[in-house]
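This report refers to the structure that appears directly beneath it.
Quick note: the coordinates plus some simple rules give every number you see, no bench work behind them. Note that the structure is predicted; figures quoted are calculated from it, not measured. Because the Cβ atoms are built from the backbone with ideal geometry, glycine has one as well, and the counts that use them run over all protein chains shown.
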């Protein structure tokens, strides 16, 4: 079986707290992170109040900061949180962000 193909992203040891926090500071990106909390999803499968190119921009910012990974599966791009790696590097950060976002929406 072949190895999964991922778009470029930083190694966990290269995570920078300032970059992660900057990526998480945008409301659209917080929506993306909350939508990914349950697990991997196709990149276009959750509704956002932005166009496709803006969605791609936000996904790229999150990926380059190390918050998400994008796996290529045929013609699909599947996105997931790098939960374990973020937890190891910045304990409690992602859970706090997701919990705060989910509690603020209802």
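Annotations for the structure displayed:
- Test: residue in region 60-80 that is on the phi > 0 side of the Ramachandran plot, in contact with a helix residue (DSSP H, G or I) (Cβ under 9 Å, 6 or more places away or on another chain) and either buried (at least 18 other Cβ atoms within 10 Å of the Cβ) or in a helix (DSSP H, G or I) (or both): yes
- Any pair with Cβ under 6 angstrom, 6 or more apart, that starts in region 54-66 at a residue that is within 10 Å of residue 20 (Cα to Cα) and ends at one that is in a helix (DSSP H, G or I): 61/23; 62/23; 62/29; 65/19; 65/20; 65/23
- Taken over region 85-106, the criterion of being part of a helix (DSSP H, G or I), within 17 Å of residue 35 (Cα to Cα) and free of Cβ contacts under 8 Å to residues at least 24 places away in the same chain is satisfied by 95, 96, 99, 100, 103, 104.
- Residue in region 29-42 that is within 19 Å of residue 99 (Cα to Cα) and exposed (fewer than 12 other Cβ atoms within 10 Å of the Cβ) present: yes
- Among residues of region 1-12, those that are out of contact with any helix residue (DSSP H, G or I) (no Cβ under 8 Å at 6 or more places or on another chain) and not in a loop (DSSP other than H, G, I, E, B), counted: 2
- Any chance residue 20 is surrounded by 15 or more Cβ atoms within 10 Å (Cβ to Cβ) and either outside any helix (DSSP H, G or I) or in contact with a helix residue (DSSP H, G or I) (Cβ under 7 Å, 6 or more places away or on another chain) (or both): yes
- Every condition in (1) crowded, with 18+ Cβ neighbours inside 10 Å; (2) over 10 Å from the mean Cα position of the chain (by Cα) holds for residue 104 except the one numbered (1).
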